[in-house]
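Single-structure report; data block below.
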Amino acid sequence: MKKIKDEPQGQREKNPPGRLKNGNPPCDLRSLPRCQAIAKSTGKQCGNPAMKGKRVCYIHGGKSTGPKTKEGLERSRRANWKHGQYSEEARARRRYITELLRQSRELAERWTDKLGETKYEGIIE
Ligand SMILES: [Zn+2]
């Protein structure tokens, strides 16, 4: 039986272990921080080495520095807009309504105390 080499042909000679292309210093690639992006298709972490100073690889936006212009930032904000339920305006509206309800309950309680009985059953819980 012919013995099969356990190395891919011609690959090891060109790039011996521990050496990197383009004059980069050798290091243990397994020790590098990993890309934190979660793949949509598999639901698993990407796992590629993260770019220097970033938490994601070049594929998952490590090269991007994000929008800089006012228009770009606004476009980015609007890109995943679904219903606006968590927009600043909607949240402020909810806060306002909650505060109104709290004040009405407080007022109703004060009136109830003065009258000595509850006349608002069924209206305010
Ligand atoms: Zn990645």
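Every number in this text was worked out from the coordinates using simple rules, so none of it is lab data. Model, not experiment: these values are computed from the prediction. A quick note on method: Cβ atoms are made from the backbone with ideal geometry, for glycine too, and the neighbour counts reach across all protein chains shown.
Here is how the numbers come out for the structure above:
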| item | result |
| --- | --- |
| Computed label-point distance, nm, for sites R75 and Y96 using a 7 Å Cα→Cβ extension | 3.3 nm |
| At most 13 other Cβ within 10 Å, DSSP loop - trypsin sites (Lys or Arg not before Pro), region 47-84 | K52, K63, K68, K82 |
| Among the listed pairs K40/K82; K52/K82; K44/K70; K21/K44, those beyond 27 Å (Cα-Cα) | K52/K82; K44/K70; K21/K44 |
| Spin-label zone in region 51-73 - amide nitrogen under 18 Å from a point set 7 Å from the Cα of N24 along the C-beta vector | 51-64 |
| DSSP-assigned coil residues among GluC sites (Glu not before Pro) in region 28-93, each with at most 11 further Cβ atoms within 10 Å | none |
| Inter-label distance for S87 and K63, nm, one decimal - labels placed 7 Å from Cα along Cα-to-Cβ | 3.4 nm |
| Qualifying chymotrypsin sites (Phe, Trp or Tyr not before Pro) for region 38-103 [loop in DSSP, other Cβ within 10 Å: at most 14] | W81, Y86 |
| Placed amide H near R34: partners under 5 Å, 5+ positions off or other chain | A50 |
